[in-house]
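Structure first, then comments.
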Amino acid sequence: MKGALILNFFILGATEHAGGVEWGTVFATLLTFIILLALLRKFAWGPLKNIMDERQQAINSDIDNAAAQNEEARRYAEENRALLTRTQGEVQSILENAKVQAKREHEEVLHTANARANKLLEDAQAEIENEKKRAIADINDRVAELSVLIASKVINKEINEQDQKQLVSQFIQEAGDK
């Protein structure tokens, strides 16, 4: 009630002129302005400031999130580079191992082929030697038979056939040894 009396005084005092300034109007306007400021502060400035603070916090949060995501992206990029380097190293190692394995297998195949070729050559030489011995033995037998036949015709059967074969074989053997 006391505030209302002061307000009435200012309003009533506004009607009186004191030196050309209407102090009542000044005080009423000032009081209305102060009340208006208080109302604006309570109903407009406070909520507006809260909205602005919330917006600032959201922006700061977004900036922090963007920085964190940027850092995480940088970390992932570094991990990917490291993984790529490690993978390239593994691929290079696998390729080198494959080359070594291929060279080793190539050498084994060559060695096996050479061993087979040498074995075939030795077998062929042994077969040739056996055939040569058989041929010589066959020729010796035929020569012995022919010699016996010739000798038997020449001597007209003075010695028997068995003795002739033995003589011819002995002669061929002596001739072969020389």
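The values are calculated or read from the model by the stated rules, or taken from the named source; none is laboratory data. Only a predicted model underlies this, so the values are computations on that prediction, with no experimental measurement involved. Positions of Cβ are backbone-derived with ideal geometry, glycine not excepted, and every protein chain shown enters the neighbour counts. All accessible areas refer to the heavy atoms of the entire protein, side chains included, with ligands and DNA or RNA removed. Shrake-Rupley method; radii C 1.70, N 1.55, O 1.52, S 1.80 Å.
At an R0 of 41 angstrom, the distance between the Cβ atoms of residue 124 and residue 92 translates into a FRET efficiency of 0.30. In the assembled protein chains, residue 33 presents an accessible area of approximately 110 Å² (probe radius 1.4 Å). Calculate the length of the line joining the C-alpha centroid of segment 81-101 to that of segment 40-76, in whole Å. Value for the Cα centre distance between the two parts: 48 Å. Measuring how big segment 37-94 is from its alpha-carbon positions, Rg and Dmax come out at 24.3, 80 Å. Taking all protein chains together and a 1.4 Å probe, the residues 23, 45 rank 45, 23 from largest to smallest accessible area.
Listed by chain and number, the aspartates and glutamates whose C-alpha is less than 18 Å from the C-alpha of residue 99, apart from same-chain residues fewer than 8 away, are 90, 107, 108.
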